[in-house]
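The block underneath contains the structure these notes are about, expressed in structure tokens.
The values are calculated or read from the model by the stated rules, or taken from the named source; none is laboratory data. Because the structure is a prediction, the values reported are computed rather than measured. Don't worry about glycine lacking a Cβ; one is built from the backbone with ideal geometry, like all the others, and counts go over all protein chains shown. Surface accessibility is based on the protein's heavy atoms, side chains included, excluding ligands, DNA and RNA. Shrake-Rupley method; radii C 1.70, N 1.55, O 1.52, S 1.80 Å.
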Amino acid sequence: VAFACVALLAAPTAAWFSSCQYYSAIDNFNAVSYSNNDGTADWANSWQENDPQGGGASSGSVRINNDDLWLDDSTNSGSQVYATRRINLADTSDQKLKVQFYTVGNVEKYDKFEIEVSSDGSYFRTLESFKATDCSGRTSREYNIAKYATAHTAIRVRITEGFHASDEALIFDWI
């Protein structure tokens, strides 16, 4: 997530000046941890997983593997597998979500996923829906999330259907 922080400074002449510096909260998934902070700003919390297998950052349907965030539903759990993370975007401007992802395995058109955002951490809006077969190679996306920027903004990546075969996964290089 990239954003600008705007501060207004009062001068002795009562004139106001704005100062803008760009920040980013990034997770490159270089460590097997849900608490990575690789940007110039920190996330508000660690990744929270909805994983029927549990296992935390090192195993299960949601995990960090080979410096990437992996999601699958190889147990065909019937529940939606996802990972969510919050960031405080209050008093910021020019908020953008940038992601890079790919799929592996013998994915079919019914293997589907979404990238979502929330302004309150509870009610999520879909930024984009994908069929895994529409993603060839590494895919990058950038979304303007300014209308969701609050102290409780949350990002969620979610498998909505499929990814049941043991060799299939949705993989994020960075968020």
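Looking only at residues of the range 120-147 that are among the hydroxyl-bearing types (S, T, Y) and either in contact (Cβ under 8 Å) with a residue 40 or more places away in the chain or under 26 Å from N66 (Cα atoms) (or both), we find that the one that is surrounded by the most Cβ atoms within 10 Å (Cβ to Cβ) is Y143. For the range 129-175, the set of residues classified as acidic (D, E) and within 13 Å of V117 (Cα to Cα) consists of E142 only.
Taken over the range 88-119, the residue count meeting the criterion of being assigned to a strand (DSSP E or B), surrounded by fewer than 21 Cβ atoms within 10 Å (Cβ to Cβ), out of contact with any Phe, Trp or Tyr (no Cβ under 6 Å at 6 or more places or on another chain) and polar (S, T, N, Q) is 1. Regarding T160, is this residue surrounded by fewer than 20 Cβ atoms within 10 Å (Cβ to Cβ), touching an Asp or Glu at 6+ places or on another chain (Cβ under 8 Å), over 16 Å from I26 (Cβ atoms) and of a type in the set (V, I, T)? Spelling it out, T160 is indeed surrounded by fewer than 20 Cβ atoms within 10 Å (Cβ to Cβ), touching an Asp or Glu at 6+ places or on another chain (Cβ under 8 Å), over 16 Å from I26 (Cβ atoms) and of a type in the set (V, I, T).
Return the only residue of L9, L69 being at pLDDT 85 or above, outside any loop (DSSP other than H, G, I, E, B) and hydrophobic (A, V, I, L, M, F, W, C). Even if it seems obvious, please write down each step before you answer.
On the way: L9 fails: at pLDDT 85 or above.
Step by step, each of L9, L69 is checked, and only L69 is at pLDDT 85 or above, outside any loop (DSSP other than H, G, I, E, B) and hydrophobic (A, V, I, L, M, F, W, C).
Determine whether the range 104-115 contains at least one residue that is at pLDDT 95 or above and of a type in the set (G, A, S). Looking for residues that are at pLDDT 95 or above and of a type in the set (G, A, S), one finds none in the range 104-115, hence no. Only residues that are open to solvent by 70 Å² or more (accessible area, probe 1.4 Å) and in contact with an Asp or Glu (Cβ under 9 Å, 6 or more places away or on another chain) were counted across the range 61-87, and they come to 2.
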